[in-house]
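J.: Can you read through this structure? Questions will come right after.
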Amino acid sequence: MNGAALLLALCWLHAFITRRWDKHSTAIQLVLGMLFGAICVIGMLNPISPEPGIFFDGRSVVLSMAALFNGPLVAGVAGLIAGIYRIWMGGSGMAFGLAEICLSILFGLLYRHCSLSGKLAIGAWQLWFLGLLMQVLDMLLLPAAQAASSLEQTAVPLLLVMPVATVVLGLMLKEIEQRQRTELALQLRESRLRAITEAIPDTLLVLDEDGLYLEVTPSKKEAHNDVLTARIGQSVHDVLPQSEAERFMDFIRQTLASDSPQLIEYTRQSADGVKILEGHAQRLDIQLNGKQAVVVLARDVTQRVDDEHELRIAAAAFETQQGMIITDEFNRILRVNQAFSTITGYSREEAVGQRTSLLSSGRQSLAFYQSMWQQLKAVDRWQGEIWNRRKNGEIFPEWLSISAVRNTQGQVINYVASIDDTSERKAAEERIQRLAFFDGLTDLPNRSLLLDRLQHARDGCVRNGECAALMFLDLDGFKNINDMHGHHIGDKVLCLAAARLNGAVRVSDTVARLGGDEFVVLLEHLNKQPQQAAMQVEQITTSLLATLAAPYQIDGLELRSSASIGVTLFNDGSYSIDELMQRADLSMYEAKAAGKHTVRFFDPRMQEAVSKRLNLEQEIRRGLLSEEFIPYLQPQLDDTGCLVGAEVLARWQHPQRGLLSPAAFVEVAEHAGLIETLDLQMLQNACHQLALWQQQSATASLSLSVNLSARLLYQTNFVERVLQILKQSGADPHRLKLELTETLLLDDLPGAIARICELKAHGIRFSIDDFGTGYSSLAYLQQLSLDQLKIDQSFVRELPGDSNSLAIVRAIFALANSLQLEIIAEGVESQEQHIALLELGCRSFQGYLFGRPMPLIEFERLMLTHSMKVESEVPML
Ligand code: C2E
Ligand code: CA
Ligand code: CA
């Protein structure tokens, strides 16, 4: 019992000391040595003593175990204490006793050595055998004198007890050692775990299956971020918004159900806005407080999500219409976008890894690149226009912007470049330039460019005293070509004429087209003497006339067109650009008037005409404003001699010059763009009159014909204007007839048809004036649903004698019959003509025979007496 108590006390004290202090330190070894020594001494206080001087006790057990588990120092100290005490006890067995002490320590150390080197395990049987071995050796060591008597009493109990005691003590110490080792390992693991928890940026949370926070370990980094933490005992419902709490609970359940880690992204409100958190969770294998639990590593990923969002935006922005290139600091391409491939022809795979010199066109000099890099180094930015080469070898202009990207140390790590293919823009600019300054059809300079060059030429003349010539050139009879063969043939003639003109002048001269068949030639650097210069010009014009007179071969047709040329010379700045243009224009008209295929030089008489015409334009403008233009009416009769209506013919009641006929103003008004106003005034007058006539039965059936110019017909709001005038006046549209000349209809036949149809739908009737003088094919007559043809007076004049005219008039009647058109003959001056026409089947007449154009009052007076008078004079057929 004593021994067992001692051994237990020894184990407990041993455990107490070694758990608190490091048993490898010398001081603790000394203490342990003293402890084992003291236990030996206490054991020796109560020995089995079969004979005086001979003691049997547990010292061999204690010392051998001290040596086995604690090493030589502990065993040495314990052995020393035990030895001293044994010496102090004295007696005949002292030497035997000391030998036993040494032997025990020796055996213990030997076993320790074998155990440490792995040759012998520490187990019950081994310990028992050790105990037995030591006991047997002890007995053998007894002096022979005492052996027999001592062993007789003690051998059996000693051999039974001591090996067992060795086993018990050994196993208890082993158990202590093992537990301490386990504890140490646990401590180590825990501190490692703590270090890991602190090192990772995540906050460690332990939550149970009900969502209660059981443990919250914030990471060092995020210690301040309370959006990740919660108080222990709080539930996820306390800290997360309702919907997020539900999701989080689902997540916990999912984690508990799974063996693998689970991931969740959730949000939580914080003082500075909504934070996005990410949690990695794993189920705990043990239950806490009887509930399942999960470990969650949570981190604030708001910044990362924002960054990712930014990245996505950046990625989307990267795929723009502009080509983008990202390179490293050595200009090696790291990334390109789709637009880059589209522009350059190099695919992503082909470009990445290459240097940007891949695109170099060789057009820029070394100095160019040097200055570019200098600027990039200085301000991290460069942009400008540069020529690069596409994969297919094509060189193209691009707008290049480069920015340098620096790292936190300020070193350039990337270059980002955007390229904008400017070739299309450049082409468009050129196109616009061409449209603005060149004629679309012939590619010759247009009016703007001509005026610019003329200004230059004039300035040049002022400087160097040389003469220059401005030449207006009009193709004779071009209109006929257009009318007869269509616009596309006309266009080809113009192009060929343009080419011929260009070929006939020097490169320094300018050939321009003003529109239609009007060309202008500007000759510079002529002789300083005007006479000499005139001769030079004369020569050039002769060759121009000759080249233009040559036949044009187009689509199997042989077409001819001569030209009329008007020239004005200048050698100083006395005339403005406008004046020079007017002079050349006027000379050209002179040339035309002189019989075409001729040249006319401007002379002072023409100047007078120019001034006159400008004056007249002003006068007409004024006259229109003060309503000096009045309608004269010329009667129109039927075949029974009844007055059926009148043609409205404009007269100008000029304040100084008296009454003027259209010959004095119509052409100028047309040229000046004033004829539309005049026509509308006449139309208004006519409608007003028709409305008045409608109110009396005698005049209600009269109709009025109004002349319209081409310009008015093609005005955009023409139809609306006419209808408006009709509506305002209240005139019956069926009584209104509009006279158009056939040639003007052909300028834009579809447009004319549309307008005529629209007005006809309202009851307005149409008549073709001067019919027979145009050159056009008559096909258009079918397309235009007209009402009346007005045979031109030139044919009527020759009746009845001229067989030619007779044939033409007959043909016109046949045509009109087949198309079911009315015919009116104008310019009927004599009875013979009237009779001839009646015989041909004409039913309507107009001419001096029946009445000249007259003022309204006169017309109304005539109306009253007319039918009787005519009836008596006009023969009836
Ligand atoms: P037009 O439309 O062919 O008009 C007929 C012209 O022949 C009128 O000349 C008329 O006085 C003249 N005339 C009529 N009967 C005879 C005759 O028996 N013998 C001769 N020798 N001549 C006759 P007018 O009034 O001088 O008008 C000349 C042209 O002026 C008109 O030719 C017409 O084209 C134009 N015109 C007149 N008024 C207007 C107008 O209000 N607007 C427009 N756009 N043009 C107008
Ligand atoms: Ca007329
Ligand atoms: Ca006429």
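J.: Just to verify a number: what accessible area does Ser729 come out at with the full protein assembly present, 1.4 Å probe, Å² rounded to tens?
T.: We get 40 Å² for Ser729.
J.: With a 10 Å radius around each residue's Cβ, average the other Cβ atoms per peptide and rank 37-50, 499-512, highest first.
T.: Going from most to least packed, we get 37-50, 499-512.
J.: Could you tell me the calculated FRET efficiency between Gln532 and Ser611, based on Cβ-Cβ distance and R0 = 30 angstrom, to the nearest 0.05?
T.: Efficiency at R0 = 30 Å is approximately 0.55.
J.: Mean separation of Cα pairs under 8 Å and 6+ residues apart, divided by the residue count of the chain: what relative contact order is that in percent?
T.: 5 percent.
J.: When the chain is fully extended, how far beyond the present Cα-Cα distance does Asn817 get from Gln354, taking 0.36 nm per residue of separation?
T.: 158.3 nm
J.: A further question on this structure: For the range 441-546, what's the relative contact order in percent, using C-alpha pairs closer than 8 Å and at least 6 residues apart?
T.: Dividing the mean separation by the residue count of the range 441-546 yields 38 percent.
J.: What is the calculated FRET efficiency for Glu385 to His671, with r their C-beta to C-beta distance and R₀ = 45 Å, to the nearest 0.05?
T.: 0.40
J.: Sequence-distant or interchain residues sharing an amide H contact under 5 Å with Asn707, placed H: which?
T.: Here the answer is Val648, Glu739, since their amide H atoms fall under 5 Å of that of Asn707.
J.: Which residues in the range 779-815 place their backbone N less than 19 Å from a point set 7 Å from the Cα of Met484 along the Cα-to-Cβ direction?
T.: Backbone N within reach: 779-781, 808.
J.: To continue, here is another question. Between the range 635-687 and the range 315-335, how many Å separate their Cα centres?
T.: The range 635-687 and the range 315-335 have Cα centres spaced 75 Å from each other.
J.: Roughly how much of Asp555 is accessible, in Å² to the nearest 10, using a 1.4 Å probe?
T.: For Asp555, the solvent-accessible surface is approximately 100 Å².
J.: Place the peptides 91-98, 260-267 in order of packing, highest mean first, counting for every residue the other Cβ atoms within 10 Å and averaging per peptide.
T.: 91-98, 260-267
J.: Same structure again: Under a 1.4 angstrom probe, counting protein chains only, how are Arg231, Arg797, Arg735 ranked by accessible area, largest first?
T.: Most to least solvent-accessible, the answer reads Arg231, Arg797, Arg735.
J.: Find how much the distance from Ser258 to Ala663 grows on full extension, using 0.36 nm per residue of separation minus their present alpha carbon separation; answer in nm with one decimal.
T.: 135.0 nm
J.: Here's another thing I want to ask about it. Hey, which lysines would be in cross-link range of Lys119, C-alpha to C-alpha under 18 Å, not counting anything within fewer than 8 residues on its own chain?
T.: Reachable lysines: Lys174.
J.: Continuing with the same structure: Say the dipole of the range 622-869 comes from +1 at the beta carbon of Lys and Arg and -1 at that of Asp and Glu; which of Val668, Cys757, Ala691 then lies farthest toward its positive end?
T.: Checked the options; the winner is Ala691.
J.: Let me ask something else about it. According to a simple spin-label model (label point 7 Å from Cα along Cα-to-Cβ), what is the distance in nm between Glu558 and Ile577?
T.: The answer from the label model is 4.4 nm.
J.: While we're here: Leaving out ligands, DNA and RNA, what percent of the accessible area of the chain is carbon and sulfur, probe 1.4 Å?
T.: 56
J.: If the cut-off is 28 Å between C-alpha atoms, which lysines fall inside it for Lys596, apart from same-chain ones fewer than 8 positions away?
T.: Lys479, Lys492, Lys612
J.: Going from most exposed to least, what order do Glu429, Glu590 have by accessible area with a 1.4 Å probe?
T.: Result, largest first: Glu429, Glu590.
J.: Hey, which aspartates and glutamates would be in cross-link range of Lys426, C-alpha to C-alpha under 16 Å, not counting anything within fewer than 8 residues on its own chain?
T.: Cross-link targets: Glu385, Glu394, Glu398.
J.: Also, I was wondering about something else. If r is the Cβ-Cβ distance from Glu627 to Ser423 and R0 is 56 Å, what FRET efficiency results, to the nearest 0.05?
T.: Computed FRET efficiency for Glu627 and Ser423 comes out at 0.40.
J.: With every protein chain present, what is the per residue accessible area of the chain (1.4 Å probe, Å²)?
T.: Per residue, the chain has an accessible area of 50 Å².
J.: By per-residue mean of other Cβ atoms within 10 Å, what is the highest-first order of 270-281, 692-703?
T.: Highest mean packing first, the order is 270-281, 692-703.
J.: Another one. For the pair Thr408/Leu366, report the inter-label distance in nm, with labels modelled 7 Å from Cα in the Cβ direction.
T.: Placing both labels 7 Å along Cα→Cβ, they lie 4.1 nm apart.
J.: Taking the simple approach of a point 7 Å from Cα along Cα-to-Cβ for both Ala144 and Asp603, what is their distance in nm?
T.: Placing both labels 7 Å along Cα→Cβ, they lie 18.3 nm apart.
J.: Another one. What's the extension gain from Gln282 to Thr773 if we count 0.36 nm per residue and subtract their Cα-Cα distance?
T.: Gain on stretching Gln282 to Thr773: 166.3 nm.
J.: Structure shown: which of Lys221/Lys275; Lys737/Lys790; Lys220/Lys291; Lys760/Lys790; Lys737/Lys760 lie over 21 Å apart, alpha-carbon to alpha-carbon?
T.: Too far apart for the 21 Å limit: Lys220/Lys291.
The values are calculated or read from the model by the stated rules, or taken from the named source; none is laboratory data. Everything numeric here is computed off the predicted structure, so don't read it as measured data. Note: ideal-geometry Cβ built from the backbone for every residue, glycine included; neighbour counts use all protein chains shown. Accessible surface is based on the protein model in full, side chains and every heavy atom, while ligands, DNA and RNA are left aside. Shrake-Rupley method; radii C 1.70, N 1.55, O 1.52, S 1.80 Å.
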